[in-house]
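The values are calculated or read from the model by the stated rules, or taken from the named source; none is laboratory data. Being a predicted model, the structure only gives us computed values, none of them experimental. Don't worry about glycine lacking a Cβ; one is built from the backbone with ideal geometry, like all the others, and counts go over all protein chains shown. Quick note on the areas: whole protein, heavy atoms, side chains included, nothing else; ligands and nucleic acids left out. Shrake-Rupley method; radii C 1.70, N 1.55, O 1.52, S 1.80 Å.
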Amino acid sequence: MRAQEIADRLSGHLDGDQAVEIAAMANLDEARAGDVSFFADGKYAKQLAATRASAVLVPLDWNGDCPAPAIIRVASPNAAFAQVSAWFAPAPVNRKPGIHPTAIVSPDIKLGQNVHIGAWTVIEGETTIGDNCIIEAQVFIGQQVKLGDGCHVYPQVTIREGSIIGHRAILHSGVRIGGDGYGFNPVVSADGSITIEKIPQTGIVEIGDDVEIGCNTTIDRARFGRTRIGNSVKIDNLVQIGHNVQVGDYSGIIAQAGVAGSTHIGTGCLIWAQAGISGHLTIGDRAQVGPASGLSKSVPPGEYYLGLPACPKREFVAQILAPRQIEKLKERLDKLEAKLR
């Protein structure tokens, strides 16, 4: 596209060369001639002043240095760049309805309309697959699974027996749904020897509508009852959800976080990357657990806990400031002692 065409489609205002050709998009510091980039945060002003992009999307009131031949002013550069990305991105892969000849599909499944089942996928008996689902290659779906309409299951996903998945779920590669939770009992016999007995994990996993789960995330089946992930929950890569955990609607859990068994996470919560959450806790609605935090006690609604061990944000900030305050007090004390001498 030419810069003027991009500006017109975004309802933006173009300053500079209307005819400059744009072939791709890139970050400010990685852009080359022919790229379009965007500037939405003042902390990137140095990158903007040095960019080699041919066009840059900037806020309507922006006033600064930029060597790009074309400047396109828009209300929201971030949102506008997302639109541009869709124009330049490759077309999405089109999976046509049908069952690949290498797939092994039980004859007694209930199969909806317009379903794609990829190569080497295995679907066991008494399973229900909703309409318009895409099940990619090498997926395993166990017995009595229910998969809602419009789901997309990427390669090498495992959905174990009895799991229930809502409508429009997206399960990225390597997701494991319904593995056993961590439950063991040490038993000491009369002669003093110890045996580790496995506690049966007889429950299921239930996942709501519009849930997206990132690569290599695991969600354990319940010891009894269900492990539940609410509607519109978004889970990142490499997250571990233990047995009988309950996650409320519209919550988010970011990469490498771990949630131990029987913890309840409320509605609209955010669990940041690498947070570790102990079992049998309650995290109230709209609460947050900060990155790399270790949570050992429940969090009231709306609170932000962080640190190791995690505590309310105001306490955490006070702990960080305490050494500085002590140093200032020491300086004042030294001056007072000098005066007394």
Of everything in the stretch 66-89 that's open to solvent by less than 70 Å² (accessible area, probe 1.4 Å) and touching a Gly at 6+ places or on another chain (Cβ under 9 Å), which residue is nearest to Ser11 (Cα to Cα)? Val74
Matching residues in the stretch 200-221 (surrounded by fewer than 18 Cβ atoms within 10 Å (Cβ to Cβ) and outside any loop (DSSP other than H, G, I, E, B)) number 1
Could you check the stretch 38-59 and list, in sequence order, the residues that are more than 15 Å from Ala79 (Cα to Cα) and part of a loop (DSSP other than H, G, I, E, B)? Thr51, Arg52, Ala53, Ser54
Out of (1) modelled with pLDDT of 95 or more; (2) closer than 25 Å to Cys151 by Cα, the odd one out for Gln4 is which? (2)
Can you confirm whether the stretch 248-269 contains a residue that is over 24 Å from Gly208 (Cα atoms), surrounded by 17 or more Cβ atoms within 10 Å (Cβ to Cβ) and not acidic (Asp, Glu)? no
For a quick check of your reading of the model, give me the residue pairs whose first member lies in the stretch 93-116 and is under 15 Å from Gln138 (Cα atoms) and open to solvent by less than 90 Å² (accessible area, probe 1.4 Å), whose second is of a type in the set (Gly, Ala, Ser) and not in a loop (DSSP other than H, G, I, E, B), with beta-carbon atoms closer than 7 Å and at least 6 apart or on different chains. His116/Gly98
Can you spot a residue in the stretch 48-65 that is open to solvent by 50 Å² or more (accessible area, probe 1.4 Å), more than 14 Å from Val84 (Cβ to Cβ) and touching a Lys or Arg at 6+ places or on another chain (Cβ under 6 Å)? yes
Count of the stretch 222-247 residues which are assigned to a loop (DSSP other than H, G, I, E, B), within 12 Å of Glu206 (Cα to Cα) and open to solvent by less than 40 Å² (accessible area, probe 1.4 Å): 5
Can you name the residue in the stretch 21-37 that is open to solvent by less than 70 Å² (accessible area, probe 1.4 Å) and assigned to a loop (DSSP other than H, G, I, E, B) and is also nearest to Ala49 (Cα to Cα) among such residues? Leu28
With respect to the numbered conditions (1) within 15 Å of the chain's Cα centre (by Cα); (2) among the acidic types (Asp, Glu); (3) open to solvent by 90 Å² or more (accessible area, probe 1.4 Å), which one is the sole condition not fulfilled by Asp191? (1)
Criterion: surrounded by 20 or more Cβ atoms within 10 Å (Cβ to Cβ) and over 19 Å from the mean Cα position of the chain (by Cα) - qualifying residue of Gly183, Gly148, Gly179: Gly148
His280 being buried (at least 20 other Cβ atoms within 10 Å of the Cβ) and not in a strand (DSSP E or B): no
